[in-house]
Amino acid sequence: MSPVVRLLWFGGSVAVTALLVLLWQLIATYSGIPPVFLPGPDRAWNALVAGIGTGELTRLTWATVERMLYGWVLASMLGIALGALIGSSRRAREYIGPTLELVRPVPVSAFMPIVMAFLGLSGRMVLVVIAIGSIWPVLLATVHGVSNVEPRLLEVSRSLRFSRFQTLWKFALPNAQTDILAGMRLGLTVALVLAVIGEMLASEAGLGYHILTTARSYRSDQLFAGVILLGLIGLASNLVLQAIEWRVLRWRRR
Amino acid sequence: MDTNVAIAPRAAGDTAEPLIRFHNVSHSFGSRQIIDNVDFSVGRSEFVCLIGPSGCGKTTLLRMVGGLLTPSMGEVTYAGHRVDGPESDVAFMFQDYSKALLPWRTASGNVSLALEAARVPRAERAPRIEALLAKVGLSRHADHYPAQLSGGMQQRLQIARCLAQDPAVLLMDEPFGALDAMTRQALQDEMLRLIETSATTALFVTHDLEEALYLGDRVIALYPNPGRVAQIFDVKLPRPRNQLTSREDPEFLRLRREIFDFIREGET
Ligand SMILES: Nc1ncnc2c1ncn2[C@@H]1O[C@H](COP(=O)(O)OP(=O)(O)OP(=O)(O)O)[C@@H](O)[C@H]1O
Ligand SMILES: [Mg+2]
């Protein structure tokens, strides 16, 4: 894309966002829905500024971000390690592959009672749930990337007499870079969703729990402030990962 | 210059101690026989070209020497022992160079791969990579990724990686087949120069008759279906070869005619 086209796209998306906010304001002001249920962007913004002013919202945001990141990093490390193990051996793929396909579509919510039974309603339980939920995209992407190395490159590896581990390290894992990063990006989104749900379930301090309690006490302006912050977390984490991809995958650019 | 006198004749496979030997090698994939009773040898420092139509089993024979394929009958020996896997001092140059390079490593990184394989300590790698890239004229592209290089440069990079193995034998599978005529001639000369200074043994696959004559000490012509040796031609052209004079040498023209007629006869 040329810089001009890119600028136009960026301007367009800013305009769309501004329009939506305006629409929200109009509905809140003129539809007759009481502000207790639907605060306008003005009220939500004020609640946001006030919450950040007292440090309360900042603290909760960091709590949720930290939870999301820990779970995601755990899931990514395990996902890459397991994926490399499974992907680099045809026998492992044949034995474990069907099981993976069987377990993968099971929603994380089905695992939650099991995790709760072991860890109770605790922060650790939330972390484990996040890890279980966000490991799948990374694990499957790694298996795919590691097991689909160009056959000629595997011959290069054989010809240079690299060991199986060296082949994995120098050929298969780098080959999986693209897939792994895409999987990690998906995993991060899942991690954020599960962090919020986990906080709600386990009453752990964070934006998720904040949203739950403010909804129960009809402080909808604060609820919306929390939702806005969640949106910003999603946006920011995606931008960071995009920047990482841009750097790591620079060999794909011409 | 009278090169006939100045240059000592290179060892011929049948007189000198053979380095590579095919002992009655046959091969089948499933029920289809691909190679039938191939038996020849390549002498130390000799340059042998394999020539034959597409699908006659040239790549298959090369893969056997490279230890990438075990023949179903007979055996291939290298320096007196049976080949049952890749040897560290035998370098394999693949037909499809764009697929044989690591796209996520720079030119330096791709050369480094062979040094890593040879367990060269990290500190010694940089100067050697620099020297190897200079040898193939890629110094200015050390930090470029394969996707940023032209076809000819990619092939030169593969040459550099093979040279990094410090090989006693170079196995080359139609290395210049996909390149334009100018680049091809330049690389032929570069390669001859590099090989002659290090006395490397070369087994070179091509289906270009003139290329085989220009490069080789001997040309082995293969028949297809199943692949077998049709005839072996000695190329008694002086070295160093020259793109103009060698190709106009009466001996070159005579051999070209002879092999051309021979191939046409085989077809009818
Ligand atoms: N792994 C394999 N399984 C089955 N058949 C194969 C395999 N590899 C090669 N063949 C067959 O063996 C024959 C010889 O193949 P080979 O690649 O050695 O030919 P070639 O002389 O190198 O041809 P070209 O000049 O087109 O590269 C072909 O008919 C091919 O289809
Ligand atoms: Mg071939």
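Details
- The lone exception for B:TYR223 - which of (1) open to solvent by 10 Å² or more (accessible area, probe 1.4 Å); (2) more than 16 Å from ligand 2 (Cβ to nearest atom) it fails: (2)
- Restricting region B:57-111 to residues that are in a loop (DSSP other than H, G, I, E, B) and among the small types (Gly, Ala, Ser), the residue that is nearest to ligand 1 (Cβ to nearest atom) is B:GLY57.
- Residue selection: A:THR29 fails the criterion of being hydroxyl-bearing (Ser, Thr, Tyr), assigned to a helix (DSSP H, G or I) and either touching a residue at least 40 places away in the same chain (Cβ under 8 Å) or surrounded by 15 or more Cβ atoms within 10 Å (Cβ to Cβ) (or both).
- If you go through region A:128-140 and keep only what is aliphatic (A, V, I, L, M) and open to solvent by less than 20 Å² (accessible area, probe 1.4 Å), you end up with A:VAL129, A:ILE130, A:ALA131, A:VAL138, A:LEU139.
- Test: residue in region A:235-250 that is closer than 28 Å to A:ASP42 by Cβ and among the charged types (D, E, K, R): no
Rundown of residues vs (1) modelled with pLDDT of 95 or more; (2) over 27 Å from B:ALA178 (Cα atoms); (3) within 16 Å of ligand 2 (Cβ to nearest atom); (4) more than 8 Å from chain A (Cβ to nearest Cβ), yes/no style:
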| residue | (1), (2), (3), (4) |
| --- | --- |
| B:PRO86 | yes, no, no, no |
| B:ASP89 | no, no, no, yes |
| B:GLN95 | no, no, yes, yes |
| B:ALA100 | yes, no, yes, no |
| B:PRO103 | yes, no, no, no |
| B:GLY109 | yes, no, no, yes |
| B:ALA114 | yes, no, no, no |
| B:ALA117 | yes, yes, no, no |
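- Condition check for B:THR245: open to solvent by 10 Å² or more (accessible area, probe 1.4 Å), away from ligand 2 (no atom under 16 Å from the Cβ) and of a type in the set (Val, Ile, Thr): yes
- Tally of residues being under 28 Å from A:LEU239 (Cα atoms) and buried (at least 24 other Cβ atoms within 10 Å of the Cβ) across region A:141-169: 5
- Subset tally (residues that are within 8 Å of ligand 1 (Cβ to nearest atom), farther than 27 Å from B:ASP189 by Cβ and not in a strand (DSSP E or B)) for region B:14-56: 3
- Among (1) modelled with pLDDT of 95 or more; (2) open to solvent by 20 Å² or more (accessible area, probe 1.4 Å) - the single one B:GLY151 does not satisfy: (1)
- Note on region A:107-206: enclosed helices (runs of 4 or more DSSP H) holding 2 or more residues that are away from every other protein chain (no Cβ under 14 Å) are A:108-119, A:123-147, A:173-202.
- Residue selection: A:SER109 fails the criterion of being crowded, with 21+ Cβ neighbours inside 10 Å, hydroxyl-bearing (Ser, Thr, Tyr) and out of contact with any Lys or Arg (no Cβ under 7 Å at 6 or more places or on another chain).
The values are calculated or read from the model by the stated rules, or taken from the named source; none is laboratory data. From a predicted model like this one, the values you see are computed outputs, not experimental measurements. Positions of Cβ are generated from backbone atoms using ideal geometry, with glycine treated the same way; all protein chains shown enter the neighbour counts. Note: areas computed on protein heavy atoms with side chains; ligands, DNA, RNA excluded. Shrake-Rupley method; radii C 1.70, N 1.55, O 1.52, S 1.80 Å.
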